[in-house]
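Each remark here refers to the structure printed beneath this line.
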């Protein structure tokens, strides 16, 4: 009779609070023990302590989603594939292909660079939370209808704010900024291509000090130069961005996007309503960063390889067409 009554009981999933999520993540990552959800109490319990109760009330207990080492490895692979920083992307790829002590080596590389380590924790946390949300949807109609968000409240921009500080005083960093430009220009000119030389000329002109130029500088941990933006006020109170760069070590973290967002917010609060960027060479890669704010094209330069043109676009010319 008691067993029949137990089968009639309708258990519900507990609220998916932040505290409960943290407990779930801890249990999923604990490779030494197995856990399940006690639907009656709304708590997570180790399976070894409730074997008899599971036999007596099977509907009361629900297995939690599994997080195997293989899940962790796939998450590391996905994370590395998202990195745009070539230095750390290749280091982490080498670790993943090494075959020995992969998890420890991976953590060691991240530990050397705290901003990247924070991004990894954020990325992994988001992946695990997504798996938990899918599990909730399969087991709870109310949750399926509510469709709670997958991401933690703090996005990657907030994580970067913890690792970087921003200053306007350029004096301690002028030589560093000039050296950054000289390295980039030298690399382009020493490549031996005409295209590289033309880009170097454009950058060289942009890097020259301008009257009324102002600086926005990013510092890692408040002391190490990470990147900068220089700008000035043009006609009609339009902000003209002259040049910008992120040191190689800090590229691919979203730092330039964060700097532009902070600078744009500050300038808007001061009454400015428009900012003009120029893209030269590799900086064209960041142009999609502005897609969600409906940018208006002012001008754009392209380089056309004539050998490709002649091989793909060749026409039968009439000798008399040239006067």
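Need the C-alpha centroid separation for the range 53-108 versus the range 263-280, integer Å.
Going from one Cα centre to the other spans 41 Å.
What 222 nm value per residue comes from the helices of the chain, counting each DSSP H run with n ≥ 4 as -39,500 (n - 2.57) and dividing by all residues, nearest 500 deg cm²/dmol? Mind showing how you got there, number by number?
Details: 13 runs with 154 residues, N = 323.
That calculation yields -14500 deg cm²/dmol at 222 nm.
How large is the Kirkwood hydrodynamic radius of the range 46-108, in angstrom, based on all distinct alpha carbon pairs?
By the Kirkwood definition, the hydrodynamic radius is 14.6 Å.
Angle, helix 69-82 long axis vs. longest principal axis of the chain, Cα atoms, 0 to 90°, nearest 10?
20 degrees
Highest mean first, how do 77-85, 291-299 rank when packing is the count of other Cβ atoms within 10 Å averaged over residues? Display every interim value, and only then the final one.
Details: 77-85: 14.9, 291-299: 7.8.
Highest mean packing first, the order is 77-85, 291-299.
Would you mind telling me the antiparallel percentage of the DSSP bridges in the chain, rounded to 5?
Given both bridge residues lie in the chain, the antiparallel proportion sits at roughly 95 percent.
Taking just the C-alpha trace of the range 162-302, give me its Rg and Dmax in Å.
For the range 162-302, the Cα radius of gyration and maximum Cα-Cα distance read 15.0, 45 Å.
At a 10 Å Cβ-Cβ cut-off, how would you order 87, 241, fewest neighbours first?
87, 241
Which angle between 0 and 90 degrees, to the nearest 10, do you get for helix 255-269 versus the longest principal axis of the chain when only C-alpha atoms count?
80 degrees
If you take the square roots of the eigenvalues of the alpha-carbon gyration tensor of the range 2-63 and sort them as a ≥ b ≥ c, do you get rounded (a/c under 1.5), prolate (a/b over b/c) or oblate?
Verdict is oblate for the range 2-63.
Each label point is 7 Å from the Cα along the Cα-to-Cβ direction; what then is the distance between the points at residue 168 and residue 54, in nm?
6.3 nm
Taking N as the number of residues in the chain, what value does Rg over Cα atoms divided by 2.2 N^0.38 Å take?
Normalised Rg, Cα atoms only: 1.41.
Using only Cα atoms, find the angle between the long axis of helix 174-189 and the longest principal axis of the chain, and express it within 0 to 90 degrees, rounded to the nearest 10.
Value to nearest ten degrees: 80.
Mind listing P(r) for the range 225-286? All alpha-carbon pairs, 10 Å bins, whole percents.
Bin by bin from 0 Å, the calculated values are 20, 53, 24, 3.
For each of 194, 24, count neighbouring Cβ atoms within 10 Å of the residue's Cβ, then give the residues from fewest to most.
Ascending number of Cβ neighbours within 10 Å: 194, 24.
Taken together, the values in this text are just the output of simple stated rules run on the coordinates, not laboratory data. Bear in mind the structure is a predicted one, so any value in this text is a computation, not a measurement. Positions of Cβ are generated from backbone atoms using ideal geometry, with glycine treated the same way; all protein chains shown enter the neighbour counts.
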